[in-house]
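What follows is one structure encoded as C-alpha cells, with my remarks underneath.
The values are calculated or read from the model by the stated rules, or taken from the named source; none is laboratory data. These numbers come from a predicted model, not from an experiment. FYI the Cβ positions are ideal-geometry reconstructions off the backbone, even for glycines, and counts take in every protein chain you see. These accessible areas exclude ligands, DNA and RNA; they are computed on the full protein's heavy atoms, side chains included. Shrake-Rupley method; radii C 1.70, N 1.55, O 1.52, S 1.80 Å.
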Amino acid sequence: MLYFATMITIPHKAKQFLVFTIKVLIVSAAFYFVYRQLLQNDQLDWQKFGALFERKWTIGGILFILLFSVLNRLLEILKWKNLVSSLQPISLWQATAEVLGALTTGIFTPNGLGEYAGKAFFYEKTKTKKIVFLNLICNGIQMVLTVFFGLFGLLYFNAEFNVITTQTIAIIFGLLLVLILGSFFLKTFSIKGYSLEKLVHKINQIPKRIHRKNLLLGLGRYLVFSHQYYFLFWAFDVHLPYLILMSAITSIYFIASSLPSFQFLDFAVKGSVAVYFFGLLGINEWIVIFITSLMWFLNVVIPVLLGSYFVMNFKLKS
C-alpha cells in the first residue's frame, strides 16, 4: 500500500512543481520584456517625457484617461464572459482572471497567440477546443471592426493627403473582393476535416443574442481605445479636426494590426506607423511617440502586471 501511495504522491508533487515553475517563468518573462521596453529602449527619452508630462497633466486629466483604460479592459472581460456563457456560466471575477492572465501569457508570443493557451488552461482538457474557438470569435470581432473602420479611415485620410495611389486602393479592394468570392465558392473545401462551411455552422450554433452582445461590446471597446488616443492628443494641445485625427487613428490601428508583432513590441509597431501618419498632419514626433508609449503602458503594461497575480494563483484543471 505504501508503495502505491508513493507512486501516486510523487507524480502529483512533480506536476505541482512543474506548474509552479511555468508560472514563475511566464511572470518573470513578462516583467523582463516590460522592463526592457520601458528602460532600455532608445526611442524613449524619459527626461523629455517627464518634462512634457509635468507641464500638461492634472489629476482630473489623469483620472479621465485612466477611465478609458478601465473601460477598455472591462468591455473585453464582459465580451469573454458573454461568449463563455454559451459553454458554461462564469463570474465577472473569473472572466477577469482569465482575460488578464491570458494577456500576461501572450505578451511574448507573436500576435498574442499565447492568449489562446492562457485561457484554455483555466478549463478542463475536454473543453480546450471550445475555449480556443470562443477566443477566436472574441478576437475575430475586434479584428473585423478594426478592418471596417480602418478601411474607411484610410480612404478618408487618403482623400486629404493622397498617401496611397488610386491604383493601390483598387488593388486592395480587388483582393478583398477575391477573398469574399473565394470564400463563397470554396466554403466546402476541407483541410484535415475543417472547412469554412463547418466554421460558419459552429458559429451559428452560438445563440444570436450572444453574437449581438459580442458585437456591441466589441464596438464599444473599439470606440473607447480609439477615443482615448484622440483625447490624449487633445490633452497635448493637438487640436485638429475630429474626422482628420480619427481617420489617422483608425488607419494606424488597421495597418499595425496587419503586421506580425508581439504584445511587448506593440507600441514600437504602432509608434512607427503613427509617426508617419501624424507627421503628415504636422504633429511633433516626440508627442506622437510619447502618446503611443503611454497608450501601450496604460492598456498593455498595467493589465499585464495585474494579470501576473492571476497567473501565480492559477490552479491546473484536470
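Just to be sure before I move on: is G150 open to solvent by less than 20 Å² (accessible area, probe 1.4 Å) and small (G, A, S) in the structure I sent? Lay out the reasoning, then the answer.
Working: open to solvent by less than 20 Å² (accessible area, probe 1.4 Å): yes; small (G, A, S): yes.
So G150 fits the description; yes.
Being over 14 Å from the mean Cα position of the chain (by Cα) and either open to solvent by 90 Å² or more (accessible area, probe 1.4 Å) or at pLDDT 80 or above (or both) is true for just one of V99, V178. Which residue is that?
Values: V99 fails: over 14 Å from the mean Cα position of the chain (by Cα).
V178 is the lone residue from the list that is over 14 Å from the mean Cα position of the chain (by Cα) and either open to solvent by 90 Å² or more (accessible area, probe 1.4 Å) or at pLDDT 80 or above (or both).
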So N139 clears everything in (1) open to solvent by 30 Å² or more (accessible area, probe 1.4 Å); (2) within 25 Å of F278 (Cβ to Cβ) except one condition, right? Which one? (2)
Search result, residues across region 53-75 that are open to solvent by less than 30 Å² (accessible area, probe 1.4 Å) and more than 20 Å from V304 (Cβ to Cβ): G61
Flag for N158 being open to solvent by 60 Å² or more (accessible area, probe 1.4 Å) and at pLDDT 75 or above: no
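Output the residue which, of all residues in region 76-96 that are outside any helix (DSSP H, G or I) and over 16 Å from I141 (Cβ atoms), is most open to solvent (accessible area, probe 1.4 Å).
The initial filter retains those residues of region 76-96 that are outside any helix (DSSP H, G or I), namely 85-91.
Pick out the ones that are also over 16 Å from I141 (Cβ atoms) and you get 87-91.
On the way: L87: 53, Q88: 49, P89: 120, I90: 22, S91: 63 Å².
My answer is P89.
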Looking at (1) at pLDDT below 85; (2) under 17 Å from the mean Cα position of the chain (by Cα); (3) within 20 Å of F157 (Cα to Cα), can you tell me which one N284 breaks? (2)
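Answer with yes or no whether M246 is within 22 Å of L71 (Cα to Cα) and either crowded, with 17+ Cβ neighbours inside 10 Å or modelled with pLDDT under 90 (or both). Before the answer, list the steps.
Numbers: within 22 Å of L71 (Cα to Cα): yes; either crowded, with 17+ Cβ neighbours inside 10 Å or modelled with pLDDT under 90 (or both): yes.
So M246 fits the description; yes.
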Hey, can you tell me all the residues within region 200-223 that are more than 25 Å from V70 (Cα to Cα), open to solvent by less than 100 Å² (accessible area, probe 1.4 Å) and not hydrophobic (A, V, I, L, M, F, W, C)? K202, P207
For region 204-227, state whether one or more residues are at pLDDT 95 or above, farther than 29 Å from V132 by Cβ and part of a helix (DSSP H, G or I). yes
